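Shown next, in structure tokens, is the structure this report addresses.
The values are calculated or read from the model by the stated rules, or taken from the named source; none is laboratory data. Bear in mind the structure is a predicted one, so any value in this text is a computation, not a measurement. Reconstructed Cβ throughout: ideal geometry from the backbone, glycine too, with neighbour counts over all protein chains shown.
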Amino acid sequence: MGAYGGITAFIVETSWKGWKVMKTEKKMGIKASGTAYVVLEDLEVPEENVLGKVGEGFKIAMETLDIGRITLGAGCLGGAKEAFEVAWKFANERKQFGQPIKNFQIIQHYLSRMAIDIFTLESLVYRTAWMADNGYDVIREASIVKVFASEVLDRVVDLALQIHGGAGYIEDYPVEKMYRDARINRIFEGTNEIQEYVIFKTLERRGGL
């Protein structure tokens, strides 16, 4: 059955006896998304709640993660675009020395770098999504999207905060929340370090690119 044979996926209803939420975590960011420690204790699952086939739970999980990593990329793309819009608006409205700060060369450089990252990420996300929709094996590509997207979002949000200066560190401005929310993307759906391992193994298996 292979190294992961015997693992079976199943659906659990939260109303069943034996389902327990032990603790809801308090997080640095993404507070609108609940994270909880769940325990299944003496919980019986009927046969009709098996997801897919018995023994194929690991395969289902891996296929779900591939799509999840592309979806994460799309989410990072949206977050990066929002951070850019916020920074663009601030750069046009904030004035120093009698002129909008967008007139300063360093701010123009920051905004241009953000635009380059966003354009590149958008191209990568849409190409990989197209490949997945058309039945291609996207294990490597999904991992590349996940790593690149999470790093792009970090860079873009960091520059957006830098453009805001001290105001970006204040909760009154949305970029403060964006900065906290962005950090998780390098961790969940498999850490970026794990993705780089997956990418290498697929390169090794395929004999290169």
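The table for this structure:
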item	result
Selection status of Ile7, on the phi > 0 side of the Ramachandran plot and under 27 Å from the mean Cα position of the chain (by Cα)	no
Qualifying residues in the stretch 78-97 (those that are aromatic (Phe, Trp, Tyr) and assigned to a helix (DSSP H, G or I)) - the one farthest from His109 (Cα to Cα)	Phe90
Among (1) touching a helix residue (DSSP H, G or I) at 6+ places or on another chain (Cβ under 6 Å); (2) surrounded by 13 or more Cβ atoms within 10 Å (Cβ to Cβ), the one test that Met28 misses	(2)
Filtered residue count, the stretch 27-64, keeping only those that are over 30 Å from Met178 (Cβ atoms) and among the aromatic types (Phe, Trp, Tyr)	1
Check on Arg94, farther than 28 Å from Ile67 by Cβ, in contact with a Leu (Cβ under 8 Å, 6 or more places away or on another chain) and either of a type in the set (D, E, K, R) or modelled with pLDDT of 95 or more (or both)	no
Cβ pairs under 9 Å, 6+ apart, first in the stretch 6-21 and among the small types (Gly, Ala, Ser), second surrounded by 12 or more Cβ atoms within 10 Å (Cβ to Cβ) and assigned to a loop (DSSP other than H, G, I, E, B)	Gly6/Val54; Gly6/Gly55; Ala9/Gly52; Ala9/Glu56; Gly18/Val12; Gly18/Leu43
Count of residues meeting criterion [of a type in the set (D, E, K, R) and surrounded by fewer than 19 Cβ atoms within 10 Å (Cβ to Cβ)] in the stretch 130-149	2
Condition check for Phe119: part of a helix (DSSP H, G or I), in the same structural domain as Thr191 (by TED's automatic domain parsing) and surrounded by fewer than 13 Cβ atoms within 10 Å (Cβ to Cβ)	yes
Residue match in the stretch 180-193 (condition: among the aromatic types (Phe, Trp, Tyr) and either farther than 17 Å from Leu77 by Cβ or in a helix (DSSP H, G or I) (or both))	no
Enumeration of residues in the stretch 31-53 that are surrounded by 13 or more Cβ atoms within 10 Å (Cβ to Cβ) and of a type in the set (Val, Ile, Thr)	Thr35, Val45, Val50
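Table: residues versus (1) more than 21 Å from Ala32 (Cβ to Cβ); (2) among the hydrophobic types (A, V, I, L, M, F, W, C); (3) not assigned by TED's automatic domain parsing to the domain that holds Ile67.
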site	(1), (2), (3)
Phe148	yes, yes, no
Leu153	no, yes, no
Ala160	no, yes, no
Gly165	yes, no, no
Tyr173	no, no, no
Tyr179	no, no, no
Asn185	no, no, no
Gly190	yes, no, no
Glu193	yes, no, no
